[in-house]
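Input: a single structure, listed below in structure tokens.
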Amino acid sequence: MEFDTKAIHGGLAKDEKGDVKMPIYVSSTFLVKDLEKPMETGYVYSRLNNPTREALEKRLAMLENGKFGLTFASGMAAETCLAMSLLKAGDHVVAFDDLYGGTKDLFNNIMKKNFEVELTYVDAREPENVKEAIKSNTKLVWLETPTNPLMKICDIKAISSIARRHGVLTVVDNTFLSPYFQRPLECGADIVIHSTTKYINGHSDSIGGAVIVSDENVYKKIKFTRDETGSAMSPFDSFLVLRGLETLPVRMEKHQQNAKSVVEYLKDNEHVEEVYYPGIKDHPQIDVIKRQMTGYGGTLSFLMEGKRNEINKFLTSLKIFSFAVSLGGTESLVENPAYMTHFHLSTKEREKIGIKDGLIRMSVGLEDPKDMIADLEQAFTAAFSGR
Ligand SMILES: *Cc1c(COP(=O)(O)O)cnc(C)c1O
């Protein structure tokens with residue numbers, strides 16, 4: 001089955017009633033038919049297994065070309081379960097230094113402080129840096145590519161083969177591109193994670209997360225933690241994400257097409273110092289991009305000039321773009337990482353990875369790019385009208 005077909009048919013089991021869509025199974029508990037075989041139907045209690053959730057998990061596994069999928073109440077719940085399943089006190093993790101803010105918080109303030117998990121952040125754009133950081137107690141290499149918000153790329157194949165040689169598992173957060181543009185398991189990664197909140201669901205109306213793996217033992221460990229911590233996705237959210245996935249291919253194509261139009265506008269704008277987007281001309285990592293990605297996605301960042309009040313005026317003057325965190329929905333969004341998503345990092349940490357005050361992250365939605373560009377133009381004019 002090809003990708004677009006899997007996005008619509010993957011995971012559906014046609015039952016005798018002939019539903020064309022997956023119903024929402026709301027039941028918390030299921031009938032046992034025989035004391036001798038209490039698990040016969042596969043369904044006992046919805047915290048553990050639920051038909052709607054399972055349909056989504058199968059579809060996600062098919063789209064990522066993995067064997068097993070698991071879904072969670074949020075992307076952070078997925079990451080927490082993964083960390084709790086595969087790490088214990090004294091273990092070590094090598095992580096890309098430019099990760100999602102919540103992921104850094106989980107590692108720095110929970111896994112490290114409460115569970116004594118050691119951590120080394122490296123600039124994973126250079127696979128050698130990962131290699132040098134691996135120690136005898138390293139259990140995971142944790143990557144995101146492209147990173148949030150600076151769109152740095154790392155070579156999944158090169159890094160996962162280094163990790164494998166040391167018996168270390170490679171985790172890739174694939175939220176920014178979705179399996180439509182990048183499939184980390186095919187590049188050699190062991191575990192893929194998603195915030196389904198973003199492109200996978202695609203409509204900014206559900207919070208969720210997913211883990212996709214091919215190794216049955218790893219799957220069982222994570223499923224056990226999820227079942228016993230009770231962090232699975234609800235049947236209703238599972239239904240929403242199943243529906244969202246049907247249009248993933250068409251949405252991703254259009255997000256990308258619109259992002260390219262916005263990038264063209266931004267790179268010629270006098271108030272914009274730099275644009276960060278994997279599809280930018282002469283990207284320094286073009287070789288890796290060509291090898292592991294089939295597209296660039298719809299999220300980008302740019303560095304605008306100006307004082308804090310001018311940046312604030314720009315953000316609050318926008319009308320088509322909503323000034324809000326998150327990404328991957330049909331509507332366009334903008335946010336300021338330094339004061340919002342990455343505010344919990346120290347100024348020094350932000351400077352080290354390059355998150356300046358004027359950095360704006362943008363999720364390019366599905367509106368007409370002419371309206372987006374006109375909106376940006378009027379907001380820039382409003383921002384700098386006081387000069
Ligand atoms: C949003 C996001 C997460 C966290 O997901 P939630 O659904 O908000 O819990 C993790 N990683 C990346 C890259 C994200 O963008």
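The order of M84, M233 by accessible area, most exposed first and with a 1.4 Å probe, is M84, M233. The accessible surface of region 174-263, taken with every protein chain in place and a 1.4 Å probe, is 52 percent carbon and sulfur. Taking Cα centre as origin and charging only the Cβ of basic (Lys, Arg, +1) and acidic (Asp, Glu, -1) residues, the dipole magnitude of the chain rounds to 520 debye.
Can you tell me the mean projection area, over all orientations, of the convex hull of region 3-245's alpha carbons? Units nm², please. Could you put the intermediate results ahead of the total?
On the way: hull surface 54.6 nm².
The Cα convex hull of region 3-245, projected and averaged over all directions, gives 13.6 nm².
When you restrict to C-alpha pairs under 8 Å that are six or more residues apart and normalise by the size of the chain, the relative contact order lands at 17 percent.
Overall, the accessible surface of region 11-104 at a probe of 1.4 angstrom is composed of carbon and sulfur to the extent of 60 percent. Structure note, pairs K131/K254; K260/K356; K21/K104; K139/K356; K220/K254: Cα-Cα distances above 30 angstrom occur for K131/K254; K21/K104; K139/K356; K220/K254.
As an equivalent ellipsoid, region 218-270 spans semi-axes of 38, 16, 10 angstrom, where each value is the square root of five times an eigenvalue of the C-alpha gyration tensor, largest first. For D237, the solvent-accessible surface with a 1.4 Å probe is about 40 Å², rounded to the nearest 10.
When all alpha carbon pairs of region 249-384 are counted in 10 Å bins from zero, the resulting P(r) reads 12, 43, 35, 9, 0 %.
Taking 32 Å as the cut-off for C-alpha to C-alpha distance, list the pairs among K58/K352; K157/K198; K33/K88; K198/K319; K157/K352 that go past it.
Numbers: K58/K352 40 Å; K157/K198 25 Å; K33/K88 39 Å; K198/K319 21 Å; K157/K352 26 Å.
From the list (K58/K352; K157/K198; K33/K88; K198/K319; K157/K352), the Cα-Cα distance tops 32 Å for K58/K352; K33/K88.
The values are calculated or read from the model by the stated rules, or taken from the named source; none is laboratory data. On a predicted model such as this, the values are computed, not experimentally measured, just so you know. With ideal geometry, Cβ positions are generated from the backbone for all residues, glycine too; neighbour counts draw on all protein chains shown. SASA here: full protein model, heavy atoms, side chains in, ligands and nucleic acids out. Shrake-Rupley method; radii C 1.70, N 1.55, O 1.52, S 1.80 Å.
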